[in-house]
Amino acid sequence: MSDPFAEFEALLEKLEQQRTSGPVRAAAASRSLRETLRRWLLRGLFVVLALIFPFWLLVGGSVFLYRHYGVPTWPALLAGLLLTALVLLLYASWVAKRVSGKRRVPVNVTRVLFAVVGAYGLYTLVYLSSLNVKHDEIRREYRSLHPLLRVAASTFILVDSDMVITDMQRQAEDYERMGLPLYERSLHFVQDDGYAHAVDLRTIGRSEWRNLIMTGYFKAMGFRTLRHTGTADHLHVSLPMH
């Protein structure tokens, strides 16, 4: 004959386990959710950085070689383009490994990658939309701007299509017209290498966080930036001479 007291104690113990297991399961589920969110956030961050890195390598790498190692303009830009193409080739190799199990990238894909990078570099050097300049005269001066500044500005336009260039090349008479004292060392003048080394970007009518992102971008790429109000509030971006 079974002991009723023992059965009652067993029932109480079972009820107690059920009562306490709910919070335990909830805590475990909460930890699991946090871990899942953390993994997805890290993956998202990795994807964003992977997308940004080739552009940083193209612009920032070229500027770094130019400023810190004295590499001439065109070799520095060519090195940036080649490094960018090689990084994209590594990405393609990773995709190929995931798809086919082999890291080898087809020759045609390699050619396409190098062609795309070269075409992008050429595009940034020769084309500027009229939507991204204050007036057409500035647009006509685009090729007088230093190539590394052109590549940097056009690349940022991919992120912020509302960026507007308000000034590039200047002549001495431009300072008189604007009511400003002549500054003979201005990098807006065409320098010995045949290019203007400064560009002004509109900040008026834009939210401050967008202006901060714009400033941070050009700083991260290795340019000098200065926010000032000569004739109007704007961001002055320059590339120092060697």
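The values are calculated or read from the model by the stated rules, or taken from the named source; none is laboratory data. This one's a predicted model, so the numbers in the text were calculated from it and none came from an experiment. Heads up, the Cβs are rebuilt from the backbone with ideal geometry, glycines too, and the neighbour counts pull from every protein chain shown.
Being part of a loop (DSSP other than H, G, I, E, B), surrounded by 12 or more Cβ atoms within 10 Å (Cβ to Cβ) and either of a type in the set (Val, Ile, Thr) or modelled with pLDDT of 95 or more (or both) is a property that does not hold for Met214.
Does Ser93 count as touching a residue at least 60 places away in the same chain (Cβ under 8 Å) and polar (S, T, N, Q)? No.
Taken over the stretch 121-130, residues that are in contact with a helix residue (DSSP H, G or I) (Cβ under 9 Å, 6 or more places away or on another chain), exposed (fewer than 14 other Cβ atoms within 10 Å of the Cβ) and part of a helix (DSSP H, G or I) amount to 3.
A count restricted to the stretch 135-154 and to residues that are exposed (fewer than 14 other Cβ atoms within 10 Å of the Cβ) and either touching a residue at least 24 places away in the same chain (Cβ under 8 Å) or within 22 Å of the chain's Cα centre (by Cα) (or both) stands at 1.
Just one residue in the set Arg143, Arg170, Arg139 is out of contact with any helix residue (DSSP H, G or I) (no Cβ under 8 Å at 6 or more places or on another chain) and either at pLDDT below 95 or not in a loop (DSSP other than H, G, I, E, B) (or both); that residue is Arg170. Per the conditions (1) surrounded by 16 or more Cβ atoms within 10 Å (Cβ to Cβ); (2) farther than 19 Å from Phe218 by Cα; (3) not polar (S, T, N, Q), the sole criterion not satisfied by Arg104 is (1). Residues in the stretch 57-90 that are hydrophobic (A, V, I, L, M, F, W, C) and in contact (Cβ under 8 Å) with a residue 60 or more places away in the chain were compared, and the one that is nearest to Phe156 (Cα to Cα) is Val59. Suppose the filter is modelled with pLDDT under 95 and under 19 Å from the mean Cα position of the chain (by Cα); does Ser238 pass it? Against the criterion (modelled with pLDDT under 95 and under 19 Å from the mean Cα position of the chain (by Cα)), Ser238 does not qualify. In this structure, does Val237 turn out to be touching a strand residue (DSSP E or B) at 6+ places or on another chain (Cβ under 9 Å), among the hydrophobic types (A, V, I, L, M, F, W, C), touching a residue at least 40 places away in the same chain (Cβ under 8 Å) and within 16 Å of Val164 (Cα to Cα)? When the stated conditions are applied, Val237 passes them.
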